[in-house]
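The values are calculated or read from the model by the stated rules, or taken from the named source; none is laboratory data. Owing to the predicted nature of the structure, the values given are computational and were not obtained by experimental measurement. Don't worry about glycine lacking a Cβ; one is built from the backbone with ideal geometry, like all the others, and counts go over all protein chains shown.
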Amino acid sequence: ALVQDDLKRAEARFRDKAACVTSQWLALEAYPTGVIAQLSRGADLILAGGAPLRGAENYRCAQTAELVLQAGRPVLVAPPGGGELHGKAVVIAWKDTREARRAVADALPFLQMADDVVVQSVCDHDHFGDAEVQTFAVVEHLRRHGVAARAKATIAPADRTALELNIAADEIDADLIVAGGYGHSRLGEWVFGGVTKSLLQEPERFVLLSH
C-alpha cells in the first residue's frame, strides 16, 4: 500500500511538471537503476540528476553513474539547481579514448545547434603536442558536420581536469560539458574515474556523459 501511495504521488508530480510537453508515465516496481537502463532501449537520451540524494537507498533512487555505464545511451546530467539548457556554447572534454569518441558522436545533435564549441584537452607537458594534434583532428571532424568548433589544450595536473573544464566553460559562458564516462565493476562494486566522479558529484552546469 505504501509503495502504491508513493507511486500515485510521484505520478501526480510528474504530470504537473511535464504538463507542457508530450510525455508518457510508466510505473514499475523494480530497482530504479536497472529498470531505467533496460527501458532506455527505446530512448535517445536519459536525463538524470547528478549528486546522489543523501540517505537515498538503491531501491528508491537511480544511481546516475551506474546508468552511464550500464544503459548504452548518453546521460544528460542536470546541475543541482536545475535550470534550462540553452546549449549555445559547449565544451568537449577531450581524451583520446573510446568513451570520448562515443561522447562526441552522441552529442552531435547538441553540437550542431551550438554557436561555439571548444574541444578542450587537459594534459601534462610531455603530451601537449599530441593533445594539439588530437583536438585539431576532432575540430576538423566536427566542422565536416557543420559544427563551429575550435581546439584548446591546457597543461595541468590530472587532478585539475574537472576544474580546467569548468574554467573553459566559464570563459565562453557554456552551460554544457560533453565528456566520456569512465568506470568499471570490481568485486561487485562500481569504480569510477576521477573526472567522471567530479563532474557527477558537483555538476556546475549540464553534463552529457557517454560510456
Across segment 119-165, the tally of residues that are over 21 Å from Leu176 (Cα atoms) and of a type in the set (Phe, Trp, Tyr) stands at 1
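Would you be able to tell me the number of residues in segment 13-29 that are among the aliphatic types (A, V, I, L, M) and surrounded by 11 or more Cβ atoms within 10 Å (Cβ to Cβ)? Explain how you work it out, then say what you get.
As a first pass, look at segment 13-29 and keep what is among the aliphatic types (A, V, I, L, M): 18-19, 21, 26-28.
Keeping just the survivors that are surrounded by 11 or more Cβ atoms within 10 Å (Cβ to Cβ) gives 18, 27-28.
So the answer is 3.
Of the residues Val104, Val68, Val35, which single one is in contact with a His (Cβ under 9 Å, 6 or more places away or on another chain), at pLDDT below 95 and either β-branched (Val, Ile, Thr) or not in a helix (DSSP H, G or I) (or both)? Quick ask: steps written out before the conclusion?
Values: Val104 fails: at pLDDT below 95; Val35 fails: in contact with a His (Cβ under 9 Å, 6 or more places away or on another chain).
None of the other options fit; the residue is Val68.
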Among the candidates Ala10, Ala78, which residue alone is out of contact with any helix residue (DSSP H, G or I) (no Cβ under 7 Å at 6 or more places or on another chain) and loosely packed, with under 15 Cβ neighbours inside 10 Å? Ala10
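Give me the residue from segment 177-208 that is among the small types (Gly, Ala, Ser) and part of a helix (DSSP H, G or I) and, out of that set, surrounded by the most Cβ atoms within 10 Å (Cβ to Cβ). If you could, list the steps in order and put the result at the bottom.
Pass one, segment 177-208, residues among the small types (Gly, Ala, Ser): 179-181, 183, 185, 188, 193-194, 198.
From what is left, the residues that are part of a helix (DSSP H, G or I) are 194, 198.
Numbers: Gly194: 12, Ser198: 18.
Result: Ser198.
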Just checking, how many residues over segment 130-176 are surrounded by 13 or more Cβ atoms within 10 Å (Cβ to Cβ) and assigned to a loop (DSSP other than H, G, I, E, B)? 6
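Looking at Ala12, Ala19, can you tell me which residue is over 18 Å from Ala62 (Cβ atoms), assigned to a loop (DSSP other than H, G, I, E, B) and among the hydrophobic types (A, V, I, L, M, F, W, C)?
Details: Ala12 fails: assigned to a loop (DSSP other than H, G, I, E, B).
Ala19 is the lone residue from the list that is over 18 Å from Ala62 (Cβ atoms), assigned to a loop (DSSP other than H, G, I, E, B) and among the hydrophobic types (A, V, I, L, M, F, W, C).
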